[in-house]
Amino acid sequence: MSKNIESHLIEDRVFKPSKEFSKKARVSSMAQYRRMYKESIEKPSLFWAREAKELHWQKPWKKVLEWKAPFAKWFTEAKLNVCENCVDRHLSNGRKNKAAIIWEGEPGDKRVLTYHQLHREVCRFSNVLEANGVKARDRVLIYMPMVPEAAIAMLACARIGAVHSVVFGGFSAESISDRLEDSGATAVITADGGYRRGKVVPLKKNVDDALKKYQGVKRCIVYQRTNEKVTMKRGRDVWWHTEAKKVSADHTPKGFDSEHPLFILYTSGSTGKPKGILHTSGGYLVGTYTSSKYIFDMRNDDIFWCTADVGWVTGHSYIVFGPLANGVTQVMYEGAPNYPDFGRFWDIVEEYGVTTFYTAPTAIRAFIKAGDHLPDARDLSSLRLLGTVGEPINPEAWMWYREKIGSGRCPIVDTWWQTETGSIMISPLPGCTPTKPGTATLPFFGVDAAILDEEGNECKADEGGKLVIRKPWPSMLRTIYGDKARYRKTYWNDYEGIYTAGDGARTDKNGNFWIVGRLDDVLNVSGHRLGTAEVESALVAHKDVAEAAVVGRPHEIKGQGIVAFVTLKGQAKASPAAEKDLKAHVTKAIGAIARPDEIYFPPDGLPKTRSGKIMRRILKELVATGKVTGNVTTLEDFTVVRSLQKLLQKK
Ligand code: 7RM
């Protein structure tokens with residue numbers, strides 16, 4: 001019996017970037033990648049200093065890295081202003097009148113901000129913050145819709161050295177008050193409301209409710225987006241537009257220490273209390289700048305679109321800091337992908353000539369389910385590069401993305417990383433890495449990724465184990481805010497001086513990394529440890545399946561039996577015959593060991609986090625006990641749980 005995670009699904013389709021793409025790319029051959037990677041691992045100070053020098057530092061660093069595991073300091077004693085690098089720097093390098101942000105609201109309203117205009121707005125708002133008593137190191141909670149002002153608020157905080165903590169606009173009042181309390185925030189930036197699926201989300205109202213519980217907020221600045229009627233508490237609440245009129249559009253960016261805190265971003269832990277992941281300035285900026293540049297192969301004429309919300313790390317790193325530090329033009333969209341229907345994203349790609357499109361597997365699976373006629377009816381020929389992030393992408397969804405969205409022409413970068421890592425850790429480089437559907441391929445520069453077994457030995461090819469990173473990297477988290485002990489225990493406890501990501505993974509014989517799922521979700525059938533991703537991908541490869549989640553259920557003989565939850569595509573019908581067919585399909589694809597004991601077809605879909613990750617923990621609890629007792633604040637839609645309970649009772 002094996003203690004390691006086994007793998008059975010072998011993928012042999014390989015796609016190399018076209019000569020045309022490679023020729024123009026920053027890294028155009030595997031030999032060049034290997035050379036640069038080797039240098040980045042063997043001489044990290046040399047490598048990162050060269051990258052960092054492309055940015056603007058008000059005072060140079062003494063040492064590139066000071067590492068006392070698990071605490072890192074990057075670019076010691078240097079001073080920089082992160083906002084100056086993302087905005088001011090482009091006023092004198094030829095980009096002053098270039099579009100920084102092309103924005104579209106859900107109702108269809110449009111705005112373009114050039115770097116010059118963005119600079120004025122950010123300066124103005126920095127003055128607003130200072131006039132309202134916000135100082136360096138103060139924590140500022142941002143709870144905004146996806147409007148340019150969300151990015152402006154983040155950049156202004158960075159500019160004055162305040163520490164922002166963005167809370168996704170879909171979170172409740174209670175989540176806000178928890179985060180206010182944990183961070184000790186003294187100011188909030190919000191809006192009257194935001195548009196989502198044709199409805200108004202009452203953002204200010206949620207903040208009001210949160211502020212009843214937490215009294216530490218001295219100032220709440222409200223941006224007017226929807227003209228909702230809101231209550232303004234005298235002495236505490238002020239309007240963004242009235243404050244902005246009182247101040248100038250000039251603001252000098254002061255230099256802050258490289259290790260000055262930049263932001264706290266909360267991420268759900270397995271226990272109830274959310275973890276405040278702390279990122280600092282210099283290393284984070286260098287990490288997001290460099291990864292954006294090489295992985296998205298950013299060029300001056302790109303129109304870059306990352307569809308994430310700024311409330312997630314993907315929005316922080318690849319809407320705000322990475323792309324702006326690179327001076328590209330980017331698209332920002334306020335609303336839902338299916339408003340008014342699932343063609344909305346493709347309309348946006350066509351209208352603005354998006355060249356690089358970065359989204360999540362959950363969205364891709366939803367597009368597949370919605371039907372090919374939607375992308376088929378749009379001109380997507382401006383696209384040159386596609387990306388995914390957030391979950392393992394099922395190979396069949398990858399193939400669809402490649403064929404339907406990329407016309408078989410665009411490379412796909414499947415990017416593995418975490419809130420904690422700050423920037424992309426494992427990903428193809430689009431001009432050189434041969435890709436296979438389902439693998440994030442190879443580590444990025446400076447990332448010493450490996451798969452270890454329980455004893456800390458490196459696993460052989462195709463042997464599954466724990467994904468770790470053995471060396472510090474510039475954009476790594478510095479701690480869990482206010483809880484060093486939890487920081488050590490969560491990430492540095494398994495192996496001495498080594499970061500554990502919490503994901504199960506394996507490498508294939510070419511060194512490609514395959515993420516097989518979260519370690520908490522691993523299945524254990526008759527002593528065989530199986531990752532969830534393979535079984536799910538086998539299901540998704542069936543022509544009728546749009547999406548699948550598998551979990552283990554206690555089983556007297558096998559230890560665990562496999563229970564699958566499957567969402568079918570448009571025409572397909574749930575039936576005992578369909579269940580039988582799918583079981584046979586998995587047996588054929590992987591083997592009898594992975595054959596689900598039961599398959600359910602949930603009518604309202606799968607439980608997901610608000611950023612679209614499948615919550616297997618909830619399914620596991622439901623099949624074992626019929627109830628959900630764990631933390632559900634990250635769950636997107638509780639009605640899904642009700643409908644699953646009914647479905648499980650019927651059987
Ligand atoms: C960026 C982000 C992190 C977790 C991570 C994985 C999963 C993310 C991929 C992936 C397979 C990928 N931050 N994950 N990207 N799994 N392939 N390309 O998602 O903090 O919200 O989540 O997401 O399990 O540990 S996150």
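Rule-based calculations on the coordinates, nothing more; no lab input. Source: prediction; values computed, not measured. Glycine gets a Cβ as well: all are built from the backbone with ideal geometry, and neighbour counts include every protein chain shown.
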## Note on the structure
Extend 7 Å from the Cα of residue 132 along its Cα-to-C-beta direction; within segment 230-253, residues with backbone N under 17 Å of that point are 230-249
### Query
Farthest toward the dipole's positive end in segment 332-392, which of 367, 392, 335, given Cβ charges of +1 (Lys, Arg) and -1 (Asp, Glu) about the Cα centre?
392
### Summary
Per-residue Cβ contact counts at 10 Å, fewest first, order 407, 475, 92 as 92, 407, 475
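Round to the nearest 0.05 the FRET efficiency obtained for residue 492 and residue 254 when R0 = 25 Å and r is the Cβ-Cβ distance. Don't skip to the end; give the middle numbers.
On the way: r = 33 Å, r/R0 = 1.34.
Plugging the Cβ-Cβ distance into 1/(1 + (r/R0)^6) gives 0.15.
Enumerate by residue number the GluC sites (Glu not before Pro) in segment 32-74 meeting two conditions: DSSP loop (anything except H, G, I, E, B), and at most 12 other Cβ atoms within 10 Å of the site's Cβ. If you can, show how the numbers build up before the last one.
On the way: sites: 39, 42, 51, 54, 66; in loops: 54.
Answer by residue number: there is no such site.
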### Task
Starting from the Cα-Cα distance between residue 455 and residue 245, subtract it from 0.36 nm times their residue separation and give me the gain in nm to one decimal.
69.4 nm
### Task
With a/c under 1.5 counting as rounded, go ahead and sort segment 605-651 into rounded, prolate or oblate using the C-alpha gyration tensor (a ≥ b ≥ c being the square roots of the eigenvalues; past the cut-off, prolate if a/b is larger than b/c, else oblate).
prolate
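Rounded, prolate or oblate: which fits segment 88-162, taking a ≥ b ≥ c as square roots of the Cα gyration tensor eigenvalues, rounded meaning a/c under 1.5, else prolate when a/b beats b/c?
Values: a/c = 2.66, a/b = 1.27, b/c = 2.10.
Since a/c reaches 1.5 but b/c is at least a/b, the shape of segment 88-162 is classed as oblate.
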### Message
Show me, for segment 302-319, the HN-Hα J-couplings you get by feeding each phi into the Karplus relation (A = 6.51, B = -1.76, C = 1.60, θ = phi - 60°), rounded to Hz, glycine and proline as x.
### Response
6, 10, 9, 10, 9, 8, 5, 8, 5, x, 10, 4, 4, x, 4, 7, 10, 10
### Query
Quick one: 123, 157, fewest Cβ neighbours within 10 Å first, how do they rank?
123, 157
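With only alpha-carbon pairs counted, each pair once and no self-pairs, how large is the Kirkwood hydrodynamic radius of the chain in angstroms?
Details: mean 1/r = 0.0396 Å⁻¹.
The answer is 25.2 Å.
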### Query
By its C-alpha gyration tensor, with a ≥ b ≥ c as the square roots of the eigenvalues, how is segment 1-92 shaped: rounded for a/c under 1.5, else prolate for a/b larger than b/c, else oblate?
oblate
### Task
Would you compute, for the Cα atoms of segment 392-544, the largest minus smallest coordinate along each principal axis and list the three values in descending order, in whole Å?
48, 41, 29
### Query
For a paramagnetic label modelled at 7 Å from the Cα of residue 347 toward its Cβ, which residues of segment 82-124 fall within the zone defined by backbone nitrogen distances under 14 Å?
104-110
### Query
Using alpha carbon coordinates only, what is the Rg to Rh ratio of segment 168-290, with Rh defined as the Kirkwood radius?
1.00
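Taking every DSSP beta bridge that has both residues in segment 523-647, what percent is antiparallel when rounded to the nearest 5?
Working: 15 of 18 bridges.
Here the share of antiparallel DSSP bridges comes out near 85 percent.
Counting other beta carbons within 10 Å of each Cβ, put 650, 73 in order, fewest first. Don't jump to the answer; show the numbers that get you there.
Working: 650 7, 73 21.
Listing 650, 73 from fewest to most nearby Cβ atoms yields 650, 73.
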#### Entry: Projected area, mean over directions - segment 323-457, Cα convex hull, nm²
9.8
### Task
Restricting to the chain, compute how many DSSP beta bridges are antiparallel as a %, nearest 5.
60
### Query
So if R0 is 22 Å, what FRET efficiency would residue 224 and residue 116 give, r being the distance between their Cβ atoms, rounded to the nearest 0.05?
0.40
### Message
What percentages make up the Cα-Cα pair-distance distribution of segment 545-623 when the bins are 5 Å wide from 0?
### Response
3, 14, 25, 24, 20, 10, 3, 0
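Around residue 345, under 13 Å between beta carbons, what's the net of Lys plus Arg minus Asp minus Glu among the other residues?
Values: positive: 344, 378, 404; negative: 104, 106, 334, 341, 347, 350, 351.
That works out to -4.
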### Query
Considering only Cα-Cα distances, which of the following residue pairs are longer than 27 Å: 573/646; 59/293; 273/436; 16/38?
273/436
### Task
List the residues whose amide H sits under 5 Å from the amide H of residue 545, counting only those 5 or more places along or on another chain, with H placed 1.01 Å from N in the peptide plane.
569
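For residue 556 and residue 34, FRET efficiency with R0 = 60 Å and r from the beta-carbon atoms, rounded to 0.05?
On the way: r = 51 Å, r/R0 = 0.84.
That pair, residue 34 with residue 556, gives E of 0.75.
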